Amino acid sequence: MKKLDVLTPIGLTIGVIMLLFGIVYNGGMSGLLSFVDPASLLIVIGGLLSGLLVSFSLKDIKQMIKVMRQSFSSDERKLQDLIDTFVHLSGKARREGLLSLEMEIDQVEDRFLRKGMLLAIDGTDPDVIQDILLAEIAAMEERHRKGRAILEKAGDYAPAWGMIGTLIGLVLMLKNLNDPSTLGPNMAIALLTTLYGSLLANLVFIPIAAKLELKTEKEAFLKQIIVEGVIGVQSGQNPNLLQEKLSAFLSQEEREAKEKELNREDLDDEIY
């Protein structure tokens, strides 16, 4: 189940607030207005968009907003819950057979887990199941990589167009040195385009791309555990052995937390 990943909006908000605070603290509200320049923003946004249009298809660019939206959501599945699910399925399969899992699997929300278990219930060869599921993991990673590529390129293009805007401003300023009234506006274009480009790259595009990469790694990791669990259930592994096998994927902190939980359950059993 997806839920809001509050760290992304919090990080963006803190970045903007700190930037505004630094400007207002040193220059007041009038100083803040000095950092607003439509011409500079137009150069960066227009150049960035033109670079993306050259590099990617229109379909890819339309997916950019959808891809960015993924950084604002998180998967709340816990690895231990996934292991407990396979231990339960393994125990039931050993007692009642694989076909007994069919009704239970229909209620599973995870499409990847459901697909793997249905293949197992249908009697598909374990090697074939593994090949199918691993191919799906590889396809997922490639889709995510293409989505990140747009953001990574945007992170490259934004500062570059900021520098182009700086050069434009400097050329205009040097050509009109005899007119002091043009020095300020031209210098503003020269400096603010670099600021806008760097800000978009280092606060928005590059951090979001990095977060999406971590999310992809986590999702691939969970899917790999699902593959191992499906094969274990189909092969009729003992639930305790399957739990030990899948627990190898747990971190040290997660293992300690599970041990404490088991110790509390044993203590409660002794009390009652």
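The values are calculated or read from the model by the stated rules, or taken from the named source; none is laboratory data. Because the structure is a prediction, the values reported are computed rather than measured. In this analysis, Cβ positions are derived from the backbone assuming ideal geometry, glycine residues included, and neighbour counts consider all displayed protein chains. We work out accessible area using only protein heavy atoms, side chains counted, and drop any ligands, DNA or RNA first. Shrake-Rupley method; radii C 1.70, N 1.55, O 1.52, S 1.80 Å.
What to note about this one:
- Inter-site label distance for Ser235 and Glu217 at 7 Å from Cα along Cβ, in nm: 2.8
- Per-residue Karplus couplings for the stretch 122-133, computed as 6.51 cos²θ - 1.76 cosθ + 1.60 with θ equal to phi - 60°, are listed in order as 6, x, 5, 4, x, 5, 5, 4, 4, 4, 5, 5 Hz, Gly and Pro entered as x.
- Dipole check for the chain: with +1 at the C-beta of Lys and Arg, -1 at the C-beta of Asp and Glu, and the Cα centre as origin, the magnitude is about 1480 Debye.
- Under 5 Å from the amide H of Ser73 lie the amide H atoms of Asp5, each residue being 5 or more positions distant or on a separate chain, with H modelled from the backbone and absent for Pro and chain starts.
- Glu142-Ser73 FRET efficiency (beta carbon distance; Förster radius 22 Å; 0.05 resolution): 0.60
- With contacts taken as Cα pairs under 8 Å and at least 6 residues apart, the chain reaches a relative contact order of 29 percent.
- Evaluating 6.51 cos²θ - 1.76 cosθ + 1.60 at θ = phi - 60° for every residue in the stretch 231-241, the Karplus couplings come out as 4, x, 5, 5, 7, x, 5, 4, x, 5, 5 Hz, glycine and proline recorded as x.
- Kirkwood hydrodynamic radius over Cα pairs of the stretch 39-106, then Stokes diffusion coefficient at 20 °C and 1.002 mPa s, in µm²/s: 128
- In Å², nearest 10: area of Leu167 left accessible to a 1.4 Å probe: 100
- Above 34 Å, the calculated P(r) of the chain contains 44 percent of its Cα-Cα pairs.
- Distance between modelled label sites at Arg114 and Ser55, nm, 7 Å Cα→Cβ extension: 3.7
- Intensity falloff of the stretch 94-146 expressed as log10 I(q)/I(0), Debye formula with alpha-carbon point scatterers, at q = 0.19, 0.26, 0.30 Å⁻¹: -0.70, -1.02, -1.14
- A compact globular protein would have a Cα radius of gyration near 2.2 N^0.38 Å; the ratio found for the stretch 73-166 is 1.68.
- Whole-number percent relative contact order across the stretch 62-209, with pairs defined as alpha carbons under 8 Å at least 6 apart: 22
- Sequence of His88, His144 from largest to smallest accessible area, 1.4 Å probe: His88, His144
- With N as its number of residues, the stretch 1-150 has a Cα radius of gyration that, divided by 2.2 N^0.38 Å, comes to 1.65.
- Most mobile listed residue (Leu174, Leu52, Leu203) in the chain, GNM with C-alpha springs under 10 Å: Leu174
- Calculated accessible area for the chain comes out at 60 Å² per residue, all protein chains present (probe 1.4 Å; ligands, DNA, RNA ignored).
- In this simple spin-label model, placing a label point 7 Å from the Cα along the Cα-to-Cβ direction at both Ala39 and Val24 gives a separation of 2.8 nm.
- Integer Hz, Karplus 6.51/-1.76/1.60 couplings in order for the stretch 185-201, x for Gly and Pro: x, 5, 5, 4, 4, 4, 8, 6, 5, 5, 4, 4, x, 5, 5, 4, 5
- Percent carbon-and-sulfur accessible area, the stretch 83-213, ignoring ligands, DNA and RNA, probe 1.4 Å: 61
- Zero-based 10 Å bins, Cα pair distances in the stretch 96-236, whole percents: 11, 25, 17, 14, 11, 9, 7, 4, 1, 0
- Helical contribution to [θ] at 222 nm, DSSP H n ≥ 4, -39,500 (n - 2.57), averaged over the chain, rounded to 500: -27000 deg cm²/dmol
- Relative contact order (%) - the stretch 4-126, alpha-carbon pairs under 8 angstrom, separation at least six: 23
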